[in-house]
Every structure is written in C-alpha cells, then in structure tokens.
Amino acid sequence: MDSKQTNGFTLAETIITVGLTGVIVGGMFSIFLLEQQALNIRASRGDDVRQGQTSMRRIEDNIRQGQTVVAAATISGTNYTTGLHTLILDVPSIDASGANISGQTDRLVYTLDGTNLKEVSSPGANSVRPSGIFTLAQNVSSFTIQTNGDPVAGSTQVTVYVGFTPPATQATAVEGQVRATLRNI
C-alpha cells in the first residue's frame, strides 16, 4: 500500500502566510502612526487656539479696567514704549479681596518677545497683583497695537491684533482681535 497522508502545512505555505501577515500588520501599524500624528496636530492646534483666546480675554479685561495708556515706562531696568508692538497700561491696584485700591495703579506691559507674548506686571504699593514677566502665549506670529489717541496718553480706545502660528506644520495660523475702551478714565 502506497498511501500518503499529509498533516499540517508545508514550509513554503508557512513562510508565505507569515510574510503576508507581516505585510498586513505593518500596513495597519503605518495607518495607526499616521492617525496618531494627525491627532497630535489637532490637539496642538486646539491648545494654541485656547491659549490665544485666554490671552486675548486677559488683555481685553485689563484694557477695560485701564485708567491710562502710558506712552513710556521703565520696569526693572527695561524701557518700554507704547507703539506698534507694545502696550503699556495703568490699571487700578487691587487688594486681597479683589477690590480696587483708591488712588493707586499697577502698570502692565504687553509686548512681543520673539514668538512669545509677554505681560510685564509692576504692581503699586499694597497691590496683590503678581509682579514679574509672564508668558501669555507662545507661537505668536504678530502682535499689533492701535490706539485712538495722539499723543498715546490721550487714548480712550485700544485695538489689539494677535496672530498665532502653531508649531505643527499642517496646522493653519489663527488670528484674533480685541477692541476695548478704557473704563476708568
């Protein structure tokens, strides 16, 4: 009797199966990596938009609280001048309860330092406003100030334009504008 029984797969069939499985898994992994990269870009863009909106609201709030647009100031040895890319405001000093301190002001400067939008704060006596230089937003491509006063110290309205360029190469730029009137003049 000459009967052959075959159980299992041949070596060639096994190699082909393993090879095809590897190609399929590799393709699926590539798709996963591309989707992960796209998700990271969208998340980065969302963070930049939120950061931009938060900084614009903060600037707008401080303009609305403002008493005066200041033409020039020296804070911690650095000279600032209100102009196309810098805004200096005097705003009421605040106490621990958040109330204004009568007759006292804090000085705030908004300026572009490279691609970082900075707030420089110089509080008056007894004010609880934090002192120092704070980064409000990163990846800022433009920061432009317009006032309705000439000289600047006579301004009652300020318009701020800010552009953000997210670091993600596939994300598009975001722009924002704040137009506010000083309340406490």
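Data for the structure
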{"quantity": "Residue 50 open to solvent by 30 Å² or more (accessible area, probe 1.4 Å) and closer than 16 Å to residue 152 by Cβ", "calculated": "no"}
{"quantity": "Scope the range 62-76; condition out of contact with any helix residue (DSSP H, G or I) (no Cβ under 7 Å at 6 or more places or on another chain) and part of a strand (DSSP E or B); matching residues", "calculated": "72, 73, 74, 75"}
{"quantity": "Among (1) over 20 Å from the mean Cα position of the chain (by Cα); (2) open to solvent by 50 Å² or more (accessible area, probe 1.4 Å), the one test that residue 57 misses", "calculated": "(1)"}
{"quantity": "Whichever residue in the range 77-134 is under 23 Å from the mean Cα position of the chain (by Cα) and part of a loop (DSSP other than H, G, I, E, B) and, among such residues, is surrounded by the fewest Cβ atoms within 10 Å (Cβ to Cβ)", "calculated": "114"}
{"quantity": "Meets criteria (within 19 Å of residue 176 (Cβ to Cβ), in contact with a Lys or Arg (Cβ under 7 Å, 6 or more places away or on another chain) and either at pLDDT 90 or above or acidic (Asp, Glu) (or both)) for residue 111", "calculated": "yes"}
{"quantity": "Pair list, Cβ under 7 Å, 6 or more apart: the range 154-165 residue in contact (Cβ under 8 Å) with a residue 24 or more places away in the chain and closer than 14 Å to residue 59 by Cα, other residue in a loop (DSSP other than H, G, I, E, B) and of a type outside the set (Gly, Ala, Ser)", "calculated": "157/148"}
{"quantity": "Conditions (1) farther than 18 Å from residue 176 by Cβ; (2) more than 15 Å from the chain's Cα centre (by Cα): number failed by residue 144", "calculated": "(1)"}
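The values are calculated or read from the model by the stated rules, or taken from the named source; none is laboratory data. All of these numbers come straight from a predicted model, not from anything done at the bench. Here Cβ is always computed from backbone atoms with ideal geometry, including for glycine, and neighbour counts include all displayed protein chains. Heads up: the accessible areas ignore ligands, DNA and RNA and are worked out on the full protein's heavy atoms, side chains in. Shrake-Rupley method; radii C 1.70, N 1.55, O 1.52, S 1.80 Å.
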